[in-house]
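Step one of this worksheet: look at the structure below.
The values are calculated or read from the model by the stated rules, or taken from the named source; none is laboratory data. Computed from a predicted structure; not experimentally measured. Note that each Cβ is placed from the backbone with ideal geometry, even for glycine, and that neighbours are counted across all protein chains shown. For the accessible areas, the whole protein counts, side chains as well, though only heavy atoms, and no ligand, DNA or RNA atoms are used. Shrake-Rupley method; radii C 1.70, N 1.55, O 1.52, S 1.80 Å.
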Amino acid sequence: MLSGLLLLLSSIVIHAESRPNIIFLFTDDQAYDTLGIYGNPNVKTPHIDSLGNQGVVFDRHYNTTAICMASRANVMTGLYEYKSGTNFMHGPMSEATWNKSFPVLLRDAGYRTGFGGKFGFAVVDDPRKGGRESSYDNLPLDDFDFWVGGVGQTSYDTEKNKYLARFADRYPHSSRAYGAAGQEFIKESVKADDPFCLTIFFKAPHRPAQPDPFFDDVYKDTVFRKLPNYGREAGAHLAEQSRMGRQYPRFKSWGYDTDESYQKVLRAYHQQIHGVDYAVGMIREELERQGIAENTLIIFTSDNGFFNGSHGMGSKVLPYEEGARVPMIIYDPRVSGKQRRVNSVSGNVDVAATILDAAGLKVPKEMDGVSLMPIVNGESDSVRESVPVFNVWGTQGTTTMAIITETHKYIYWPYGDEFEPSEELFDLQSDPYESRNVVTETKQAKVLAS
């Protein structure tokens, strides 16, 4: 009996030692085409590209609700927006829902957890009573072992973020400060001899544009390309409802309408992403220094996309490619080493399930997300046939429901004060920039019906 007990204890220790560390890096408003690994020849993102060159690049990853508050709730809980109940105009998250989030479940399972950046939503006992993410009283600080998160939109100025301020002297811009905080957390976790999960929600490249002056020379002479669907004319065929929200006027008000202002805006935008890339490098350096790089899985993605002038739009939210699709890279050194690209669809709700699965934990049946680890492990090229996209925030007319498969995207615009409901269908294989609505084409009838 004693030998059996020793064998059981030994297996528990071995399992604990084999559990990977997990780092989840999440940017804010990063378009899918903003990295070298995604084919942009104008950018300098060596550290993120390195993750992609060694890991799995997901070319069809979407936010199931493409706006910051809802998207953060999506990735933490693995739930679609209508289940998490969390978005602007809806309200905060209940503690009951939060208690089934991946950070809480990991900590319960013995992981040391850390959080930095823009948390983005409130967690309260009773959502009916309200509660805003602009108060630390409504953020779950005590559910993490390490906290450098901030309230509301946070600030690019490090010293203005209460829990991050201690890094301000050396790193006055928050992006590099989060890199330094990540290094500190990693060192503390190694000393504690616990497996860990670090989550960083960067503010960058969210507006207002405040790039780190440390990188002022990076893009000073760069002339950025325009995607084939850039400009007002490239959006004229889209549903009229798409022009009812704030995205349409922001094409001009945010400076995408002239060549000179477009280049100025894109330089600042990409300089902010370059700052995040630098922070990713800082974190990876610390993993190497601590001798744990080979047992640390890294996930990199963003909370929503960004139009940057495509279809004559600024901002995000809408279910078109530039608004809802984002970069997604998973690097697992235990199985990776050579880049793989997958064209199957995935969604932000899959992040929680993926992290829990990677940690060897059971994915709760309540989660809408599915683990992407079978793809990472090379066991499958797909775990989904489709992914839904919901927008139930903002101007009434822009409310949408969409479904995306490996070949097509269907969008339904249910109502608006001035419009009849309308629908769009795009053949993404032959038309990746959504230049033609094929919803009335006879040869697409079977796809539309499905």
*Looking at segment 219-230, is at least one residue touching a strand residue (DSSP E or B) at 6+ places or on another chain (Cβ under 7 Å) and part of a loop (DSSP other than H, G, I, E, B)?*
yes
*What is the one condition in (1) more than 24 Å from SER175 (Cβ to Cβ); (2) open to solvent by 10 Å² or more (accessible area, probe 1.4 Å); (3) in a helix (DSSP H, G or I) that VAL335 does not satisfy?*
(3)
*Could you please find all residues in segment 72-112 being crowded, with 23+ Cβ neighbours inside 10 Å and either part of a strand (DSSP E or B) or free of Cβ contacts under 8 Å to residues at least 24 places away in the same chain (or both)?*
SER84, ASN87, MET93
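Quick test for you: out of LYS203, LYS162, LYS187, pick the one residue that is touching a Gly at 6+ places or on another chain (Cβ under 8 Å) and open to solvent by 20 Å² or more (accessible area, probe 1.4 Å).
Only one candidate passes the filter, namely LYS162.
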*Would you be able to say whether some residue in segment 213-227 is farther than 23 Å from PRO46 by Cβ and touching a residue at least 60 places away in the same chain (Cβ under 8 Å)?*
yes
*Specify which of the listed residues (GLY117, GLY130, GLY182, GLY149) is crowded, with 18+ Cβ neighbours inside 10 Å and on the phi > 0 side of the Ramachandran plot.*
GLY117
*Being in contact with a Gly (Cβ under 9 Å, 6 or more places away or on another chain), part of a loop (DSSP other than H, G, I, E, B) and closer than 17 Å to TYR82 by Cα, is that true of even one residue in segment 385-395?*
yes
*Members of segment 418-439 found to be open to solvent by less than 30 Å² (accessible area, probe 1.4 Å) and assigned to a loop (DSSP other than H, G, I, E, B), listed by number*: LEU428, ASP431, GLU434, VAL438, VAL439
*So how many residues does segment 38-72 have that are of a type in the set (A, V, I, L, M, F, W, C) and at pLDDT 95 or above?*
6
*Flag for ALA209 being small (Gly, Ala, Ser), surrounded by fewer than 24 Cβ atoms within 10 Å (Cβ to Cβ), out of contact with any Asp or Glu (no Cβ under 9 Å at 6 or more places or on another chain) and assigned to a helix (DSSP H, G or I)*: no
